[in-house]
Amino acid sequence: MSEKRKGDDSSSAIKKKMRTYLESYLNFGFMEGTDKTRPECVICREKLANESMKPSKMKRHQQTMHPETVGRDRDFFIKKQHLAKANKPMDIRTAFVRAGSDAQKATEASFECALLIAKAKKPHNIGEQLIKPACIKMVEKLCDPQVAEKLKTVPLSNNTVKDRIDKMALASKKLSEDLSETLSTVVKIVNFIKGRPTNKRLFADLCEDEAHQTLLLHTEVRWLSRGRVLARFHTWPTSSVNETNKRLQGVESNILQCKETLDAFVRKLEYRVRKMERGELQQFPLLLKQSQNNPETVPVSVRREFIRHMNALQTEMQSRFADIDEYVSKELWVLDPFIAKIEDVEYLDCEDELTDIQADSLSKKYFQEKGFKKFWIVKGPSLAPKLTLHATTRIILPFSTTYLSETAFSALVAIKTKARNTLDVHNDFRLAVTHITPDIPGCGRASPSFFIQRESR
C-alpha cells in the first residue's frame, strides 16, 4: 500500500505543470530568469518559484516589497530590465572577454580624442579638464548613468594625451636629419620672437599690414595683400595676380602645375599690355569705373605707367623663374606617361620601363581615374621603379611654393603659446598639419598595457 502511494506521489510530480513566462508579467516588475523557469524581480533581483509565476503572486510581491512602483508605466520596467540585465554577473571567461573589449574601445577613444586635441592645437590637459567632464554630463542627461560610467574609463589625462600623440608617427617614425634640423630652426625662431614682447612688436612693425602680423615666412613678396592695397587705390586691377597666387597654393600643388600657372599669368600680362597700348580698358574694371566708362579720360602718361609696370612685372617673372623652364622641360612625361615618347626618357635610361607602362591597360585605367600623382605613388613602384623614383623626388614631392611652410608655421605659432613654451611640439605639430589618418587600432595594439589601462597622472 505504501509502495503504491509512493508511486502515485512520483507520478504526480512528473505530471506537475511547469508555468511559462509571459511578457505581460513585466507590468508587475518581473522579467524571465536566466534558468527560464523562474520569474526575477527587476528591482530587487529576487527569484520566485515556478509555481509563483502568477499575476496575483507577482503583484503581491510588488505591493509588499516595492509599493513605490505600483502604477508605473511599462517603459519604467523596461529600463529597469535593461539595467538589470547589463549588471548581471557573468562567467569568468565572458567577464575577461568583455573587459578586454571595453579596454580596447576606451583606448581607441582615447587616441581619437588625442588626435582631435592635436588637430585643434589645444593644450593636452583640455581632455581631462573639459572634454571628458562635458561628455559625461551630456551622456548623463541624454542616456543612462551606466553609459556615463563607461566614459569615465577613457584615459585622457595630460600625460596620457601626450603619450597618445607620441604613438601616432604618421608618414614615418622619424623625421629625416635635414627636416629635423629645419624644424628645430623654426622652433628656435618662434621661441625667440614669441618669447619676448619687444621682439614681437618689432616683428609686427616689420610686417606692414594686418594680414602678415603673425609669423609667416613669406614677408617680402606678398602678392595677395599687395594686390588688395593696389586695388583700393585703383592703380591697376590685380585680380589676375590674386588668382595666380591662389592657384599656386594648396597641398596638392607641384612644380609642373605651378609652371603652367606662371606661364598663363605671363600670357595674361602680355594680353593686358596690348589692350592698354590700344587704350582698351575692358580688362581693367576698376580703372574703367574710375574713368566713368570713358577710356579717353585716362591720361596717356598714366597708361604708359601701367604699361611700364606690367612689362617690368613680366620681365621679373620670366627672370625669377627662368631656371624652372630648364628644370621641367624634360619632365613633362610625368604628367602623362601614356602619351610620352620613348625618347623622352632616354636621358634616364628608362625606355623599357616606359614601354612597360604604356603596354599595361589596367594601369592606364587607374591613371585616368586617379590622376598622375596617385598613379606614380601607388602603381609606379612595382611597374617602373626607376621612373617612379625620379617622378616622385623631382616633381611630385618637392615643395613648389612656400604655402606648406607658411601654413605649418602658422600652426606652430598656435601650438607654441606663451603658456606652453616648454612643450616639445614635434608630435603635436605633425598631427596638426598632416592629412594622413593615423592607424589608431594599430597604435592601441602597440601599447604594452593594452588590456589593463591605468591613467598616468
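The values are calculated or read from the model by the stated rules, or taken from the named source; none is laboratory data. All of these numbers come straight from a predicted model, not from anything done at the bench. All Cβ positions, even for glycine, are placed from backbone atoms using ideal geometry, and neighbour counts span all protein chains on display. Surface accessibility is based on the protein's heavy atoms, side chains included, excluding ligands, DNA and RNA. Shrake-Rupley method; radii C 1.70, N 1.55, O 1.52, S 1.80 Å.
Taken as Cα centroids, the range 264-314 and the range 50-86 sit 88 Å apart, rounded to the nearest whole angstrom. Residue 361 exposes around 90 Å² of accessible area when a 1.4 Å probe is run over every protein chain in place. The phi-based Karplus calculation (6.51 cos²θ - 1.76 cosθ + 1.60; θ = phi - 60°) puts the 3J(HN,Hα) values of the range 264-279 at 5, 5, 4, 5, 5, 5, 4, 5, 5, 4, 5, 5, 5, 4, 8, x Hz, whole numbers, x for Gly and Pro. Centre-to-centre, using Cα atoms only, the range 101-123 and the range 142-168 are separated by 7 Å. Accessible-area rank, largest first, for 22, 142, 348: 142, 22, 348, with all protein chains present and a 1.4 angstrom probe. Accessible surface of residue 333, taken over heavy atoms with a 1.4 Å probe and every protein chain present, rounds to 10 Å². Residue 271 accessible area, nearest 10 Å², 1.4 Å probe? Taking all protein chains as shown, residue 271 has close to 90 Å². Among the trypsin sites (Lys or Arg not before Pro) within the range 304-413, those in coil by DSSP and having at most 11 neighbouring Cβ atoms inside 10 Å are 341. Largest accessible area first, the residues 436, 126, 43, 165 order themselves as 436, 43, 126, 165 under a 1.4 Å probe with ligands, DNA and RNA left out. Legend: residues 246, 121, sorted from most to least accessible area (1.4 Å probe; ligands, DNA and RNA excluded), read 246, 121. The relative contact order of the range 246-321 comes to 32 percent, based on Cα pairs under 8 Å that sit 6 or more residues apart.
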